Structures are given as structure tokens and as C-alpha cells.
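Asks: After the C-alpha cells below, expect a handful of questions from me.
The values are calculated or read from the model by the stated rules, or taken from the named source; none is laboratory data. Note that the structure is a prediction, hence the values are computed from the model and not measured. With ideal geometry, Cβ positions are generated from the backbone for all residues, glycine too; neighbour counts draw on all protein chains shown. What goes into the accessible areas is simple: the full protein's heavy atoms, side chains included, and nothing from ligands, DNA or RNA. Shrake-Rupley method; radii C 1.70, N 1.55, O 1.52, S 1.80 Å.
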Amino acid sequence: MKTIFILIYISGFILNLFMYSPSYAANTLNTNEITPPKNFFGYKPGADRNLFSYSELIEYLYLLESESQKIKMYHTGESPMGNPMYITFISSPENIKNLEKLREINRELALNPSLKKESREKMIEDGKVFIMATMSMHSTEVGPSQATPVIAYELINSRYDEVKNYLNDVVLMIIPSHNPDGMDMIVEHYKKYLGTEYEGSSMPGVYHKYVGHNNNRDFVSLTQKDTRVIADIYNLEWHPHVLVEKHQMGATGVRYFVPPSHDPIAINIDEGIWNWTWVFGSNMSKHMTGMGLAGVTQNYLFDDYWPGSTQTSSWKNIISMLTEAASVRMATPVYIEKSEISVWGKGLSEHKKSIRMPLPWEGGWWRLGDIVRYEVESIFSMVKTGSLFRSDILNYRNDLCIKEVNKGFNEAPFFYIILQKQHDPGELINLLKLMERHGVNVFKINEDVVVMGKKYYEGDFIIPLSQPYRPFIKEVMEKQRFPVRRYTPGGKMIRPYDITSWSLPLHRGITSHEINQPQEWLYEKIEIISSASLPEALDVEENAFVVFNANYNASYKAVFKSLAEGIQVYRIEEKTTVNDIDIPAGSFFLERTTRNSNKVNSVLSTLNFKPKLSEVKPSVSYREIKMPRIGLTETNFHDMDAGWLRYLFDTYEIPYSVINPGKFKNTNLTNNFDVIIFPDNNKHVLMQGRIQRGDNIIIPFYHPDYSEGLEKPGWQNVLSFIENGGTVLSWGRSIDLFTGIMEPENGQAFNFPVNNVSSSLTSRGFSCPGSLLKIHLNTEHPLSYGMPDKLGVFHRDNVVLTTSLPAFNMDRRIIGHFPEKENILMSGFAKKESLLENRPAIVWMSKGSGQVVLMSFVPNFRGSTPNAYKLIFNTLFL
């Protein structure tokens, strides 16, 4: 049975590969001349105050392809803004000719646990180590992409036999820019202010269509086109053995971080992966320090617990790591006094010679050219290490495939069963398609079964863990339990670098069951699904009423699409039934008529569920809804949460206008908007355009045209907007705008009946770095239409709400609160979360004719919490 299942897995993966595989870019004839980067760009990459654009970078790499048989350009997808994305392969001419054969070897070693001994030995004899390097994911970290021409030129033009031998064993896969859109934005901005006092200043907005610096936080959810392109390379297409992300960090710390990372590490990842990061990192440190490159540091600051440091490749059995270079101001050098050099975080307590940093940097000028040199040498070291350990790495890849599949048969958990009946079946389909995109095979139960005393039905979904990507399956399907580690026995806990929860079922409101007892017989009752396909499009032939269930996120997309098409839509205000099917309060309906039939059918064709049809109009109370006019507040200060909200609205086809804080004072908010949203951001950034930490005020390095805040006139406009009937939605740190004294220009001073008491709770020991916490909802309120009575929300410890008695024509209601005598922590890490018991998480307030909705959490956290989206959508229809 195990053998049959493994064959099913492999055939399923071939289908995934066929679905997502792109095609080669055209190759041109080779010549004997190799053009140095300086001859092409007019300067040596890394030269002070010089940056090339993405198109110039790609043009040079294509030139090298035309001049050398050691390089091949491969078009692998498109960025969110339509830029082509590439892999640049660099290896020996023979390896470049045989890339397809080598790709097949990679796939077999990565995914086939049943290779015959002779076949495996032949593959390891013929195979090469593929090292994938993603450059400048964060576009202000320009060094890796600017170093790429030098890396390519020096590798293919090397006259040293040693390097030629390395390229016989290794195929280097460079992603010249992980974020082409952001690269061009940054280069354009830098050149705009070159030679002025704003040279090297921060670019206004995010360096991406939507998410900016959060793009490496998207490798579980895969919402963005560029992250999907990168993930497909290692999940489905090329299966590299080693992956490195190339980053930069602050200017005043160590000069260069190399692996391994610091604790804590992800427990589900095989110990061999961590040991290999020591090998590659130690070789980098030895090589670079031996070249006189000072400040190279290991085992410092960056942990590898969360799926952001190395995408999700570590969970896919890839030896994965990151490097971080000290930054300059884009291409403008900086001078660092020795007294300004500092260390922080984990691993180093002082900037002195130590086992983690054997050659400290003493300060002085630091240039883009320095970063380029460090990047070149780090890549050379990785290529050398890959060559020296070629057979060991290839053997390890298949050994680990076998090991993880066997764990799935022999260690709990054995399966995850996902019920077909869900609160939101559309999100179930989205989850299954996401797992498939990650290279995981999903199955269906083909008859009713009883497992561990519970009955499951034909059509329920099941994911066996006897798959090569078992670590990933377990990681994203279970609830997270942070591995507490300490600096000394009983001493201070090592805090996480970033968030601590990413459980796909919990973040999406999907019910799944972990099966922790062996059920080998169950393999005979399941069958692979080729894809988590959408339901057939519903084409309504006759006039009918179409009902959209408020429980489904996709219903709201259908509603907004209908409103945009001019179709009348109504909202049901009481629960009812349609054809004996229960329909919850807050659901929507429209009437399909002869006049609007084409538009209605167009809306229905895009759904991932089948709405209900009725011959008669619902008999309960309802009201017509209109398209809300939405103002989305977005600062110029790399406002990632606002960017994520733009992504959500674009995905759900919700029209909106972005309004910068500096524009509020001269905008008639009442005439232009029905709803204004303040995503998560610091109050001082929103109000004054500056950062304030305690008494310390920091003026961000932006051109003054981009640093204006709301100021008092803009905030007066917001208060008038509320008084005159507008709705304001605010979450996370921006709720601080509504605390303290409000002083309307022509009215009574007042306090909103709400406050943020987080500092009081953190002083008593409450800590929550970013986890999923449980709240209870008042499902009778319109804000909670379509929601379950209990919800997991992504929460930090910087906002905790409390309410008080209202006055001055105000009211308030608590719509969501933390429970008492229940486990508040659902996934991740929190300390003394019991201090939250009975405290509000969602507060609705009225003032004059308007409404304010405050949430202590972020309902659209990095696009990863679809279970809370309806709280945003419902606010738009208040």
C-alpha cells in the first residue's frame, strides 16, 4: 500500500509541474568576447552614487548569454507590475546544455523515495548541486542586485582552473532581482535627488505594488505574484539543493551576517538542514575573513523559527540561509565612527573579537562597492562549498526525502482531515489550492469512514504526511507552539525575531482534524485530486433571485462586483431559509432579470461557490445597499499595512481612494467619502509625520513634500466627518488617534469612551509578539454578520482596549471581547494573556450622526487572516 501511495504522490507532483512550468527564454549565438560590466554600464558596479535599473541589469545578463556558453537566461514569470522575472543560470557549458536532464535529476532526488539503488547512484554521479540566490528582495537593499553583473562576469570569465572545476559540479541560479518593480522605483527615486541634500533619502510609499518590505513575509500565503514566481521555482520546477536570500541591514552594526542563524529554530525542520547551514556559513566566514573582509559575523540576531528568513524552502528540505550586509544610503557612502558601531539582539553583547566575529570592523567609510565585494566573495564561497560537498549534498537530498516520507508513515501526526462542510467553503477551496501550489498533494476520502471514533464522509479532504514536504505540511497545518529557549539555564528567554503564528486552518477559519494514530488502512480509502477545482459556473437561465451567503468571503466580492456593474443588491437583516437551506442574517440577494442577465451571469462565473437561487424574494426585512465611497489612509512612510489593505480591496474589486494624511486638511471628507479607514500605523506618524518613542522624536529622512501629517486641521476634518454621519474604521496602533482629548474647532471638547491600556498590561508582564488570540463576537450586531461566535485574531501587545461611560451625544458597544476562563492563545506565543480576559477587542462607537469602529488587532494581517476579512467588509456597509 505504501508503494502505491508513493507512486500516486509522484504522479500528482508531475501534474503540478506541468501546470506551473514556464518556458525557456531564447538563447543567442555565443562569441568569444566577454564584455566587462564597466564597459557596459560606464562604471564598475558598486561605484559611489551609481545605480543601474532592472532593465539595464537584464540587458547586460542577456549580453553575457550571447557571449558565453556558461550562462543562460530563463524567463520564469512576471512581477505584480508586469516586469519579466528571470533565473540566470551560471555553470559549465556542458551543464548549461543539460539543464533539463539535471532538472529531472533534481526532481527525482527531491521527491522520489523509491529510487532503485542503481538509478540513484547514477543520478548522484551525474547530478549537480543547484544553488539558488535571490537578490535584493527588499529594494532599498540594493547591493545584491548591483553585485550580480560582477558575480556573473567573474564566474564565467575566470581564468582559474579551480573556479572552472567548481562550475563543473555546481549550477548557480541567480534571481537578478526578487522585486523588479521596487528596484526601478528605488533607482528612479535615488537619481531624482542625486546631488541634493535629499540624496539617499527614503522613497515615499512602498517599493512594491502593495507590500514593500513585507514581501518575504508572504511565503506561506503566496498572495503576491513575485513571491509565487520564486516559490514555484523551488516548490515545483527546479528543486534546488541550496537557497540563499541576499539582504542588507542597518549601517552601524556588524558588516556582514552569514549562517547559521541564532536560536530559536523551527522544530519541524530536519537537523541535517541546520548542520549544513553551519558548513556553508563557516566556509563563508573563513573565506571572507581570509580575504581581509572584516566584520563577518555568524549566529547573530536573525533566528530561523518563522517562515520569513528563508521563505519556506527550509520546510521543503532545501539547505536554506540568508546573508545580511551593512547598508549605505543606497549608493551614497556613509562614514561610521568606531564609537557608533553597536550590536543588538541575539548572539553578540559587544562589538569585539569573538568566536562569532573573529575580525571586527574598526569603522570608517562604508560604500556600495564594499557591499558588492562582500556579496561576490560570499557567492564564490557557496559555489566552492557546493562543489566540495557535491555528492554529500545530493545524497542528503534523497535521504531526507525518504526520511520524511517514512516519518509520515511511522510518526504522528499521520493525516490532516479537512471537512468539506465549512463555515466558508470558498476559503476551504483557497486553502486546498494553496497547498497544491506549495507542492503538497491533497486527497479526497472516497467513502464514509470512522477514524479514531469520529465519522468522516465521502468527499472530505485529507492530507497524508507521508510526503517529502512533510515538515511544511505539519508546520502550516498545526497550531504553532513557540519553542522557548533561554540564554542561560532559567535565565532570560530568547525572544522571537518576528511573528509566531501562521497556521493556515486557524488563520482561515477552516476546521481540520489532526490524526495522531496510525491508520494505514486509510490509504485504501483515499484518492488524489488533480486540483482543488472551482465549482462549475452557475449560469441562471431564467429570472430568479440569487442569494449570496454572508458566511462566505467570496459573497462580498460578488456584491461589490454587482454594484460596480450597476446591479441592485439588497441585504437581508434577519436569518431566513431559501429552498429549506438556512441563510444567515447579513446575506445578500439580487434579482436576475432579462435586462441584467448578462451582467449577473458574468458575476456568477467568477465565484468559487454556488449561490442559492430562489423563485421568490426573501420574506424577511432587507435594505438596498449602495457602493460605499471609501477613503483609505496611507502615509508615505513605507505604510505596509495600508498596502496590504489596497491588495485586499483590489482582490475583492472594492473601489477606494487613497488619501495621504497631509491631504486631509484641504479635503471635504463628507462630500467625498462614506467610510474612512486608518490601517495600523503609529499615531505620531499619522498626525505629525514623524516618529516618537517616548520623549525621543525622530525626523524621518524624506523630502518634506512627503512628510506631512494630519496635523490639527486634518484631524478637525475627521471629527467633523464623524459628526456629520461618516463612518471611520481604525485598527492596531492607529486607534490611538481616538484616545485622549478631542477638541473640535466649533464644539465641545470630549473624550471618546475608549482608551489604550497596553502599557499598563505590558508593565505587568503581558507579552504577545504576534500571535493568534481568541475573541468572542456579538453575532447579532451588523459588524459580525457572517461571522462565527468565536474567532482567532492576529494580535500584538501594543494595543489593548478599554471602554468607559460615554457622554456628549456618544454611545459605545463591545462587539468582540477576549473570553474568561478559556484558552485565549490559539497559536503562537503569549505571556500572561489572562490579563486580557473580558477586555474588548472590537468597539463600536457613535458620535453625532457618525460611527467609529476600533479593533485592537489587524484584521488583514499581511494578507494571512481571511477569517477576519468580513469585519472590514461589514464596516463598509454600516
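Asks: Compute the helix-to-body angle for 640-651: its Cα long axis versus the longest principal axis of the chain, expressed 0 to 90° and rounded to tens.
Replies: Result, in degrees: 70.
Asks: Please give every one of the aspartates and glutamates within straight-line cross-link reach of Lys847, meaning a C-alpha to C-alpha distance under 14 Å, and leave out same-chain neighbours fewer than 8 residues apart.
Replies: Straight-distance partners of Lys847: Glu723, Glu743, Asp811.
Asks: While we're here: If a/c stays under 1.5 just call it rounded; otherwise compare a/b with b/c (prolate if a/b is bigger, oblate if not). Do that for the range 607-698, with a ≥ b ≥ c from the square roots of the Cα gyration tensor eigenvalues.
Replies: Values: a/c = 3.24, a/b = 2.26, b/c = 1.43.
Judged from the Cα gyration tensor, the range 607-698 comes out prolate (a/c at least 1.5, a/b above b/c).
Asks: Farthest toward the dipole's positive end in the range 578-717, which of Asn696, Leu632, Leu604, given Cβ charges of +1 (Lys, Arg) and -1 (Asp, Glu) about the Cα centre?
Replies: Looking along the dipole axis, the top candidate is Leu604.
Asks: Sort 272-279, 330-337, 249-256 by packing, meaning the average of other beta carbons within 10 Å per residue, with the highest value first. Spell out each step's value before the answer.
Replies: Values: 272-279: 18.5, 330-337: 16.9, 249-256: 20.9.
Ranked from most to least packed, the peptides come out as 249-256, 272-279, 330-337.
Asks: On to the next question. For the range 583-619 and the range 354-378, what is the centre-to-centre distance using only Cα atoms, to the nearest Å?
Replies: 62
Asks: Taking Cα centroids, how far is the range 641-694 from the range 799-833 in Å?
Replies: 24
Asks: Let me ask you something else. How would the range 212-283 be classified by its alpha-carbon gyration tensor: rounded, prolate or oblate, with rounded meaning a/c under 1.5 and the a/b versus b/c comparison settling the rest? If you can, show how the numbers build up before the last one.
Replies: Numbers: a/c = 1.84, a/b = 1.20, b/c = 1.53.
Cα axes put the range 212-283 in the oblate bin.
Asks: Okay, next question. Provide the per residue accessible area, probe 1.4 Å, for the chain, rounded to a whole number of square angstrom.
Replies: That works out to 38 Å² for each residue.
Asks: Given +1 on the Cβ of Lys and Arg, -1 on the Cβ of Asp and Glu, and no further charges, what dipole in debye does the chain carry about its Cα centre, rounded to the nearest 20?
Replies: Working: 90 positive and 96 negative charges, 255 e Å.
Its charge dipole is roughly 1220 debye.
Asks: How do 611-622, 691-702, 817-828 rank on mean C-beta neighbours within 10 Å, highest first?
Replies: 817-828, 611-622, 691-702
Asks: Using the beta-carbon distance between Asn579 and Asn823 and R0 = 41 Å, what value does 1/(1 + (r/R0)^6) give for FRET efficiency, to the nearest 0.05?
Replies: Numbers: r = 39 Å, r/R0 = 0.95.
About 0.55, to the nearest 0.05.
Asks: Going by alpha carbons, how many degrees (0 to 90, nearest 10) lie between the helix axis of 271-290 and the longest principal axis of the chain?
Replies: 60
Asks: Continuing with the same structure: Only Cα pairs under 8 Å and at least 6 apart count here; give the relative contact order of the chain as a rounded whole percent.
Replies: Numbers: 1916 pairs, mean separation 93.4, N = 878.
For the chain, the relative contact order is 11 percent.
Asks: Need one number: nm distance between label points at Glu154 and Glu78, each 7 Å from Cα along Cα→Cβ, rounded to one decimal.
Replies: So the label points at Glu154 and Glu78 sit 3.6 nm apart.
Asks: Strictly over 19 Å apart at the Cα level, which of Lys492/Lys832; Lys421/Lys610; Lys421/Lys455; Lys454/Lys790; Lys774/Lys870 would you flag in this model? It would help to have the intermediate numbers written out before the result.
Replies: On the way: Lys492/Lys832 16 Å; Lys421/Lys610 14 Å; Lys421/Lys455 13 Å; Lys454/Lys790 23 Å; Lys774/Lys870 16 Å.
Table pairs above 19 Å Cα-Cα are Lys454/Lys790.
Asks: Which percent, nearest 5, of DSSP beta bridges in the chain are antiparallel? Don't skip to the answer; put the middle values down first.
Replies: Details: 83 of 125 bridges.
Bridges in the chain that DSSP calls antiparallel: roughly 65 percent.
Asks: Roughly what would the spin-label model give for Thr606 and Ala251, points 7 Å off Cα along C-beta, in nm?
Replies: Rounded to a tenth, the inter-label distance reads 4.5 nm.
Asks: Related question: Tilt of helix 180-192 relative to the longest C-alpha principal axis of the chain, in degrees (0 to 90, nearest 10)?
Replies: Here the helix axis deviates by roughly 90 degrees.
Asks: Quick check: the distance between the Cα centres of the range 715-763 and the range 293-315, to the nearest angstrom?
Replies: 40
Asks: Where the accessible area of the chain is counted over protein heavy atoms with a 1.4 Å probe, how much of it, in %, is carbon and sulfur? Don't skip to the answer; put the middle values down first.
Replies: Values: 15580 of 33240 Å².
Solvent-exposed carbon and sulfur of the chain make up 47 percent of the total.
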